[in-house]
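Structure first, then comments.
The values are calculated or read from the model by the stated rules, or taken from the named source; none is laboratory data. Since the model is a prediction, treat every value here as computed from it, not as a measurement. The protein model used for the area step is the full one, side chains on, heavy atoms only, and it has no ligands, DNA or RNA in it. Shrake-Rupley method; radii C 1.70, N 1.55, O 1.52, S 1.80 Å.
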Amino acid sequence: MKVDVLLGLQWGDEGKGKIVDVLTPGYDIIARFQGGPNAGHTLEFNGIKHVLNTIPSGIFHPTAINIIGNGVVIDPVTFKKEIDALVKMGVDVKSKLRIATRAHLILPTHRLLDAASEAHKGKEKIGSTLKGIGPTYMDKTGRNGLRIGEIKNPNFKAKYDHLVAKHKEILSAYNFEYNLSELEPAFFEGIALLNTLETINCEQYINTALIEGRKILAEGAQGSLLDIDFGSYPFVTSSSTICAGACTGLGLAPGRIGKVFGIFKAYCTRVGSGPFPTELHDDTGERIRKSGNEFGSVTKRPRRTGWLDIPALKFAIMINGVTELIMMKADVLSEFDQIMVCTHYMHKGEKIDYLPYDISPEFVTPIYSELKGWKKDLTGLHRAEDMPEELCHYIRFIEDKTGVPIRIVSVGPDRKQTLLRDKVTA
Ligand code: GDP
Ligand code: IMO
Ligand code: MG
């Protein structure tokens, strides 16, 4: 057996949560492989809207096991809130959730360090979600971090104090004011809850499950253009958001990767700082934001909006080895007479169709093709066969440029607003 991977091809918030939830009935295990509570994965069904941060998006299904992999960073405080909310909804979280012993813990001081670093950067700030992600991954690679497996260690508190002492030194160098004693009780309550949940050696669990023939879907967080190596550095997150991250974040050999589902919006959004070649600063951008309800699931910040960027999409498809595409939020573009798609950039006087090293406005100018809008409400559609011809043309245009089939088209936030194109020839 192989592990299928679902990941975002843009700057995050593509709709990963919705599609993982839709696909979960076909899988036995859903496994998050990186990121932490900087993620906000939204699911909607039966009139309920729910946002998950650390818990995989298969949790609402009755039998699937949901794994938080070793590549994830866990904040016990947000984690407890998530669990409490799910339990309140009647979800049997404990029986379906497994946590990797090698996953790292976000300490309250990691969150403080995130805030201090961003304040120090001033106008140059990353626009972090301030969830402590960067500092936690820095401690992981700096070999100072605290892992889930340490919680049961009698020396846990001593190790915690040791790391916090280090953080306090850095915070004082930043001249950052804080009150740690206000933050610690919630942290230790979260640790107590984590202590009651089932932990696993993720690599062993996953590989054994594969041998037993169980079907596994790996769920990415953030998006490929926020990847630590391939994103618009330094305006990126601190983990490997790409397909290779599923290998390191779960303990999988590369040959164990099966299908790679690449998910993208029919346009682009970005939250936080950093270059965004097709960004719209005008009324059209505002219309997309309004109609797509483009406000952050975690921070509620308005998302920046722009037209679809094919060179960026092709780049993400290439580094991830995407085998199937999933296009989200087609319904949001229904109101437009014309839809623009960036197919190339002007870069140093040359027309290119790939993503160069620097995509800042001084280096790239997008070149657009204009496509006819479909001007029809899509939100009530149930069959791909009923899609308007202009939308079919939009889909074929993207398939033609990327060389990858679009298997699913999403036309609304609800589970049911999902069109499967498997039987439809492009
Ligand atoms: P994720 O982080 O990739 O899981 O995406 P988010 O949940 O942060 O953001 C996606 C947003 O779009 C959520 O509010 C979803 O409910 C919503 N959404 C998902 N698919 C669609 C769609 O096809 N149409 C519309 N209008 N909204 C959608
Ligand atoms: P999901 O999984 C969109 C962005 C932040 C910021 C940058 C670094 O919901 O798609 P960090 O908190 O990681 O230090 O922030 O990355 N960012 C996201 N943007 N969706 C996300 O996750 C994101 N997680 C981080 O806005 O620009
Ligand atoms: Mg999100």
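Quick check: Cα centre of the range 65-138 to Cα centre of the range 267-336, how many Å?
Comparing the Cα centres of the range 65-138 and the range 267-336, I get a distance of 25 Å.
Between the helical axis of 310-320 and the dominant principal axis of the chain, each derived from Cα atoms, what acute angle in degrees is found, rounded to the nearest 10?
50 degrees
Roughly how tilted is helix 108-121, in degrees to the nearest 10 and between 0 and 90, from the longest Cα axis of the chain?
50 degrees
Calculate how steeply helix 202-211 sits against the longest principal axis of the alpha-carbon atoms of the chain, using the helix alpha-carbon long axis, and give the answer as 0 to 90 degrees to the nearest 10.
The angle comes out at about 50 degrees.
Could you derive backbone 3J(HN,Hα) for the range 223-232 from the dihedral phi with the Karplus parameters 6.51, -1.76 and 1.60 (θ = phi - 60°), listing whole Hz in sequence and x where the residue is Gly or Pro?
Rounded to whole hertz, the list is x, 4, 7, 10, 5, 4, 8, 9, x, 7.
As a test of reading the structure, rank HIS50, HIS393, HIS344 by solvent-accessible area (1.4 Å probe, protein chains only), most first.
I get HIS393, HIS344, HIS50, largest accessible area first.
Amide H of ILE257: which non-local residues (sequence gap of 5 or more, or other chain) have their own amide H closer than 5 Å, using H built in the peptide plane?
VAL3
Which value, in Å² rounded to 10, gives the accessible area of THR196 with a 1.4 Å probe and all protein chains present?
Accessible area, nearest 10 Å²: 80 Å².
Given LYS314/LYS348; LYS265/LYS375; LYS265/LYS416; LYS131/LYS329; LYS375/LYS416, which pairs have Cα atoms separated by over 23 Å?
Details: LYS314/LYS348 20 Å; LYS265/LYS375 18 Å; LYS265/LYS416 17 Å; LYS131/LYS329 27 Å; LYS375/LYS416 21 Å.
The pairs that break the limit, which is 23 Å between Cα atoms, are LYS131/LYS329.
What ³J(HN,Hα) values, in whole Hz, does the Karplus curve 6.51 cos²θ - 1.76 cosθ + 1.60 give for the range 360-375 when θ = phi - 60°, with x put for Gly and Pro?
Per-residue couplings from phi come out as 5, x, 6, 10, 10, 10, x, 10, 10, 9, 9, 10, 6, x, 9, 6 Hz.
Please report the relative contact order for the chain, taking Cα pairs under 8 Å with a sequence separation of at least 6, and give it as a percent rounded to a whole number.
Details: 938 pairs, mean separation 84.6, N = 426.
Normalised by residue count, the contact order of the chain is 20 percent.
Which of the lysines could be linked to LYS125 by a straight reach, that is with a Cα gap under 24 Å, when you skip same-chain ones fewer than 8 residues away?
Cross-link targets: LYS140, LYS166, LYS168, LYS300.
Using a 1.4 Å probe on the protein chains only, how many percent of the accessible area of the range 14-163 belongs to carbon and sulfur? It would help to have the intermediate numbers written out before the result.
On the way: 2960 of 5620 Å².
Heavy-atom surface of the range 14-163 belonging to carbon and sulfur, 1.4 Å probe: 53 percent.
Given the protein chains as shown and a 1.4 Å probe, how many square angstrom of LYS166 are accessible, to the nearest 10?
Roll a 1.4 Å probe over it and LYS166 shows about 90 Å².
So how do HIS281, HIS167, HIS347 rank on accessible area, 1.4 Å probe, biggest first, that is with the largest at the start?
Working: HIS281 155, HIS167 5, HIS347 30 Å².
Final ranking, largest accessible area leading: HIS281, HIS347, HIS167.
What is the Cα centroid distance between the range 208-242 and the range 345-377, reported in whole angstrom?
Here the two parts' Cα centres lie 26 Å apart.
For the range 1-113, please report how many Lys pairs fall under 24 Å Cα to Cα, leaving out neighbours fewer than 8 apart on the same chain.
26
Any idea of SER128's accessible area? Nearest 10 Å², probe 1.4 Å.
Number for this one is 30 Å².
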